[in-house]
Amino acid sequence: MYAVEMNHLSKIYTGGKTAVADMSLMLEQGEVFGFLGPNGAGKTTTVKVLNGMLQSSEGKCMVFGEDPAREPEKVHAVSGVMTEHAQMYNHLTGLQNLIFYGAMFGIGEEESRKRARELLKQLELADAAGQKLSAYSTGMRQRLSIARALMHRPKILFLDEPTSGLDPESAYNVNQMILALAKEQGMTVFLCTHQLRYAQEICTRYGLIDEGKLLTVGTLEELRDGVSSGMSVQIRADRVPDALEDALRKRAVSDRCRNTEQTAGIREFTFEAASEEEIPHIVSQIVESGGKVYHVSASRPSLEDIYFALTAERRQQ
Amino acid sequence: MNRAISAIVKKDMWEITANRQLLLMIVIVPLVLTLVVPSIFLLSAHFAPQEMEELQELMGMLPEEMQNVETEELMVRLLMNHILPLFFLIIPIMAASVMAASSFVGEKEQSTLETLLYSPLTVRQLFHAKVLASFLFSMLVSGIAFLGMILVLGVEMYALTGVMLIPGISWILVLALLSPAVSLIAITLIVRGSAKAQSVMEAQQKAAFLILPVVFLIAGQFLGVMLLSVWILAGLSAVLAVLAWVLLRTSLAKFSGEMLLGNR
Ligand SMILES: Nc1ncnc2c1ncn2[C@@H]1O[C@H](COP(=O)(O)OP(=O)(O)OP(=O)(O)O)[C@@H](O)[C@H]1O
Ligand SMILES: [Mg+2]
């Protein structure tokens, strides 16, 4: 059984806006799936359809074999959802909130309290457990929402921008926690995010969506193969021979990298090299023509590079 | 499932008592209706009965067997069993609508509705839990108000005239049938009236407009009826109970539709 199964899923809002268009996607159990795409791409809409908050316009979807359009409550029993629109009660404390939502899932008070304390500790909210939610900061609320979504130990966790309001340390912790849940408990994670660097650290597979359409799906390696075969090399130097510069520009990984920075003749560019062997060759060319090289680095394209390459490709079409 | 429903009921009750302003209203209205006004009436009936001419007319309409008691006692009975029950109905209406507005619209206002909807309860179960919370709250407030009233008026009456005050059969109808029925009607009207309301305030204002005419209508119609016969009162209570039931069923559809409306 797949954790998530979407078959030609479409969602057209009543105003006529197509937010999800003919999406087909299967997620295996235990995957940490990164769902990426620009603002308004349709990520949140997809999560809502998968959890029965919205009815799909066409197509079908299943979450752990349950149809959210027909029996959303059965999906909810196995899924934990965290979105920015799913808030908690301001006049209750963090702990009281978690115990309340535990009860909503039929968990007894004692057990709820135990789980809540554990989660609060993991999310570094133990000190704020007795504080009313109205006294929580944005980041604290967000972390409490993650705790809330985990109270009933779901098989699949839907996270819509879980780390966008968090400071770097908290974001790191949350990511480690998600990773541990997936590894140790085999939890499936459906992660919508813009924070590509974090996504790259924890996701096992990615889907890129734009204007409701699923552009690509695959592991980081598969996505890399789709956009480039070699390495992405970054060079900062001055007095680069014109011929070389032109040649390198043509090999830029994406539009974004073609923008060379020019401070007092110093240029920075990122281009794609077929292999490592090419790098010393290019460097010596610059040096021999009297240029100074300040920085050279080579890496495989990051998720961010791939994202830009793919969205740029799409815009050209 | 029962655990979830009782958690919602408890949470909603807690929420309303945490709101000073609402709590004040819920305490003051019954206090005035069941204690202050009746006490004033009792005192004036005792010390200046001749000034209450309008009541003398009403008393003339009472059944014969009631006519041969003393004027003061008759007046008090008239108040106790025929007039007060009508005004008493304002209490369950008020309590139910304040609670329903806070319970239904409050979730929307705080963006907690979506979180509730992610629970394994069906929309129908959520609706029932919410209606139950408002209903129980309204019954609780009415019950306390009634007991308080009986106690205080009983003591006052005994001190003034030495006569024991015994609530008539109409109170049984009011407490057992009429109050629950009007509570449910108020709750369903709030659910309907507040479909588009985005804040609790707005819903309550709307609710007041919805409910005031109901109160006056009932009061106007009943004042005569109450004097005639308990049976007619019983019949009307039954009709209202049926109406409450029908409204409840149709509001469920409205509620589920509205839940998703904001998202569509
Ligand atoms: N309730 C609604 N009614 C009509 N259109 C909507 C509604 N909600 C979203 N949309 C539209 O659907 C599209 C997809 O929105 P969605 O919220 O799914 O995007 P997203 O990928 O989550 O974006 P973001 O990264 O900004 O969160 C957008 O164009 C948006 O304007
Ligand atoms: Mg979104």
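Where a number appears in this text, it was derived from the coordinates with a stated rule and is not lab data. These numbers were taken from a predicted model, which means no experiment stands behind them. All Cβ positions, even for glycine, are placed from backbone atoms using ideal geometry, and neighbour counts span all protein chains on display.
As a calculated quantity, the FRET efficiency between residue B:36 and residue A:126 at R0 = 60 Å, using C-beta atoms, amounts to about 0.75. Ranking B:184, A:130, A:309 by how far each Cα lies toward the positive end of the dipole of the protein assembly as shown (charges on Cβ) leaves A:309 at the top. Look at the alpha carbon pairs under 8 Å that are at least 6 residues apart: their mean separation over the length of chain A gives a relative contact order of 19 percent.
Zone of residue B:161 (label point 7 Å along Cα→Cβ, backbone N under 19 Å): which residues in region B:13-52? Zone members listed by number: B:34-52.
The equivalent ellipsoid that matches the C-alpha gyration tensor of the protein assembly as shown spans semi-axes of 70, 22, 20 angstrom, in descending order.
Using the Cβ-Cβ distance between residue A:183 and residue A:14 with R0 set to 41 Å, the FRET efficiency from 1/(1 + (r/R0)^6) comes to roughly 0.50.
Taking label positions 7 Å along the Cα-Cβ direction at both residue B:199 and residue B:17, the computed distance is 2.7 nm, reported to one decimal.
FRET efficiency for the residue B:71 to residue B:242 pair, using the beta carbon distance and R₀ = 45 Å, is estimated at 0.70.
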